[in-house]
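Chemist: After the structure tokens below, expect a handful of questions from me.
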Amino acid sequence: WLKPFWLKHFGTRCQAYIGSGMGATRPTTSAFLAVHPLLQAPSPQRQVAGSVGQAVAHAPAAHSVAAATAEAESPNSLAVGPSLALLLKIGLATRSALPRPRHRRVARAHARLPVEAVAKLQEEVAALERQAAMLRASASVLEEEQLEAELLRQVELFNSFDTDRTGRVCAKKLQIGWQKVSSVGLDEAMASRLLQVCDQNGSGALEFDEFDLKRLEATLEAIVAEREAEELVAREEERERQAQLEREQQVKEYYENLPGNPDATWSTRIVSSLAYVLPVLDAAKLGVPLGILFPMLLPGLDALLIVDKLIPWGSFVLFLALQGIGNRKDLPSLMRFNFHQAVWLDIAVGLTKLATELIGQSDAPMASDVWVVVCILGFLLTLAGIAYSAGSTLLLGSAPRSIPWISAQTEESMGMRRPDFDVAGSTSSKGDAPEQQA
């Protein structure tokens with residue numbers, strides 16, 4: 001009824017109605033609608049007008065037509081005219097007078113729901129609440145019964161350990177009672193350790209509050225695992241210690257014994273010492289600068305040089321002879337070792353003489369001084385090695401195996417390998433001699 005067509009007619013008639021003085025009193029619905037042309041309108045429009053009239057008739061007194069007319073004619077009313085203002089006021093009053101439910105669907109559903117059905121639903125809800133209360137009470141009773149049963153079982157179990165009813169379980173009682181509840185026995189040390197871990201107040205015994213079989217079993221498993229780990233570590237340490245002793249024994253045997261014939265008689269010692277004549281003869285030339293500094297050494301050096309010159313290629317022949325004899329495995333090991341070591345000493349002397357020849361041909365300013373130093377140093381080192389080897393062979397009857405690099409090369413010439421140990425500690429003998437393998 002707010003369409004412009006209706007506003008045109010409705011506003012005109014309302015204005016005539018107010019001007020006639022009928023607005024001073026509250027009109028009835030029929031009187032109000034008599035002046036409106038919607039009464040002669042078709043049926044839908046008439047129904048709308050009737051609903052509006054009923055809303056106005058039942059509206060509060062504050063929203064009467066007279067009050068609405070006065071407000072419409074006031075200066076603060078809308079500028080569109082009193083008819084439109086009156087129409088708006090009537091519409092607002094009608095809308096505020098009508099009841100409005102918060103949820104129309106719920107209101108309609110409650111309106112259609114019979115009273116008997118509501119009562120029945122309320123009874124069912126109450127029955128369900130009573131059943132839930134009964135279930136909660138039953139669960140509480142069942143829980144209490146379970147707690148009581150568990151407490152009784154705990155008391156019986158504690159009494160099976162506490163045979164004298166003192167209220168305390170010592171290590172001896174724990175050791176005896178454990179055989180009743182478990183197939184695994186406890187020794188005295190394990191029982192004491194278990195008691196020490198589970199004794200919370202430090203009284204030296206387990207009281208009823210401290211006695212928990214599941215906790216004891218878990219603690220015992222942890223103690224057993226810890227003991228097994230300790231035993232494993234101890235076995236590993238013992239194995240490593242034994243392996244270290246074996247390696248030390250192998251090294252000791254390696255340096256004390258030679259593979260092959262162990263003969264170390266005096267004849268063997270003397271023959272073995274004679275092998276060092278070869279490096280002495282070759283080193284005599286290196287001792288000339290030292291003889292010049294110390295003239296008392298010149299006679300001995302001259303004798304060695306004369307012997308070396310009397311036998312052409314004598315040093316070379318002796319070198320091959322010592323090498324061949326040293327390779328014979330049927331000879332005493334002491335003799336073979338000294339023959340090979342004399343050969344390697346002679347090789348070292350030959351390398352030193354080669355170095356002196358190269359230095360002597362040099363035109364460097366200090367070449368002569370370097371040549372003297374190299375000759376004297378080479379001669380003294382050779383004499384020291386020969387003296388050590390001959391003395392160890394003659395006096396001790398043992399192989400001289402402590403000369404750096406020379407002794408290692410000698411051992412390899414005999415087919416020997418020094419003990420070598422990998423990261424895991426296992427011994428590996430690389431290229432052992434046939435005698436060692438046998």
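Chemist: Tell me which residues come under 5 Å, amide H to amide H, from N261 once H is placed; ignore anything under 5 positions away on its chain.
Modeler: Counting only residues 5 or more places away or on other chains, the set is S333.
Chemist: On each of the three principal axes of the Cα atoms of the stretch 334-416, give max minus min coordinate, whole Å, ordered largest first.
Modeler: Dimensions of the stretch 334-416 along the principal axes of its Cα atoms: 48, 26, 15 Å.
Chemist: Compute the distance in nm between two label points, each set 7 Å from the Cα along the Cα-to-Cβ direction, one at K329 and one at L274.
Modeler: In this crude spin-label approximation the distance works out to 2.6 nm.
Chemist: Say R0 is 30 Å: what FRET efficiency, to the nearest 0.05, do K214 and E238 get from their beta-carbon distance?
Modeler: Using R0 = 30 Å, I get an efficiency of 0.25.
Chemist: Within 12 Å, Cβ to Cβ, of F319, how many net charges do the neighbouring residues add up to if Lys/Arg are +1 and Asp/Glu are -1?
Modeler: -2
Chemist: Another question, then. With the other protein chains left in place, how much accessible area per residue, in square angstrom, belongs to the stretch 374-422 at a 1.4 angstrom probe?
Modeler: Spelled out: the 1.4 Å probe surface of the stretch 374-422, per residue, equals 46 Å².
Chemist: Additional query: What's the center-to-center distance, using Cα atoms, between the stretch 295-333 and the stretch 127-150 in Å?
Modeler: When both Cα centres are located, 113 Å separates them.
Chemist: Same structure, new question: Over the Cα atoms of the stretch 262-369, how large are the radius of gyration and the largest Cα-Cα distance (Dmax), in Å?
Modeler: 16.6, 54
Chemist: Per-residue HN-Hα couplings for the stretch 316-330, Karplus 6.51 cos²θ - 1.76 cosθ + 1.60 at θ = phi - 60°, whole Hz, x for Gly and Pro?
Modeler: 5, 5, 5, 4, 5, 5, 5, 5, x, 5, x, 7, 7, 7, 7
Chemist: Report the extension gain between V184 and A139 in nm, rounded to one decimal, defined as 0.36 nm multiplied by the number of residues separating them, less their alpha carbon distance.
Modeler: 12.3 nm
Chemist: Under 5 Å between amide hydrogens, which residues at least 5 positions from I403 or on another chain qualify, with H placed 1.01 Å from N in the peptide plane?
Modeler: For I403, whose amide H was placed from the backbone, there are no distant partners under 5 Å.
Chemist: Output ³J(HN,Hα) for the stretch 175-192: one whole-Hz value per residue in order, computed from phi by the Karplus curve 6.51 cos²θ - 1.76 cosθ + 1.60 with θ = phi - 60°, and x for Gly and Pro.
Modeler: Rounded to whole hertz, the list is 5, 6, x, 5, 5, 7, 9, 9, 7, 8, x, 10, 7, 5, 5, 5, 5, 5.
Chemist: First measure r as the distance between the Cβ atoms of V373 and F294, then evaluate 1/(1 + (r/R0)^6) with R0 = 25 Å and state the FRET efficiency to the nearest 0.05.
Modeler: So, using R0 = 25 Å, E works out to roughly 0.95.
Chemist: With Cβ to Cβ distances under 15 Å as the rule, what net charge do the other residues near R130 carry (K, R +1; D, E -1)?
Modeler: Taking every Cβ under 15 Å from that of R130, the sum is -2.
Chemist: Fully extended, how many nm does the chain gain between E221 and L395 (0.36 nm per residue separation, minus their Cα-Cα distance)?
Modeler: Stretched out fully, the E221 to L395 stretch lengthens by 56.1 nm.
Chemist: Pull out the extension gain between I176 and Q131, defined as 0.36 nm times the separation in residues minus the alpha carbon to alpha carbon distance; nm, one decimal.
Modeler: 11.1 nm
Chemist: Still on this structure, please answer the following. To the nearest 0.05, what FRET efficiency results for R247 and D308 with a Förster distance of 60 Å applied to their C-beta separation? Please list the in-between numbers first.
Modeler: Working: r = 46 Å, r/R0 = 0.76.
The value I calculate is 0.85.
Chemist: Using every Cα-Cα pair within the stretch 169-308, state what percent have a distance larger than 18 Å.
Modeler: The proportion of pairs with Cα distances above 18 Å equals 75 percent.
Chemist: Once you've got the Cα coordinates, tell me which of K252/K329; K172/K214; K309/K329 are over 25 Å apart.
Modeler: Numbers: K252/K329 22 Å; K172/K214 19 Å; K309/K329 33 Å.
Check vs 25 Å cut-off fails for K309/K329.
Chemist: Going 7 Å from the Cα of A321 toward and past its Cβ, which residues in the stretch 275-295 have a backbone nitrogen under 15 Å from where you end up?
Modeler: 275-282
The values are calculated or read from the model by the stated rules, or taken from the named source; none is laboratory data. For clarity, every value in this text was computed on a predicted model and none was experimentally measured. Cβ sites come from the backbone with ideal geometry, for glycine too, and all protein chains shown count toward neighbours. These accessible areas exclude ligands, DNA and RNA; they are computed on the full protein's heavy atoms, side chains included. Shrake-Rupley method; radii C 1.70, N 1.55, O 1.52, S 1.80 Å.
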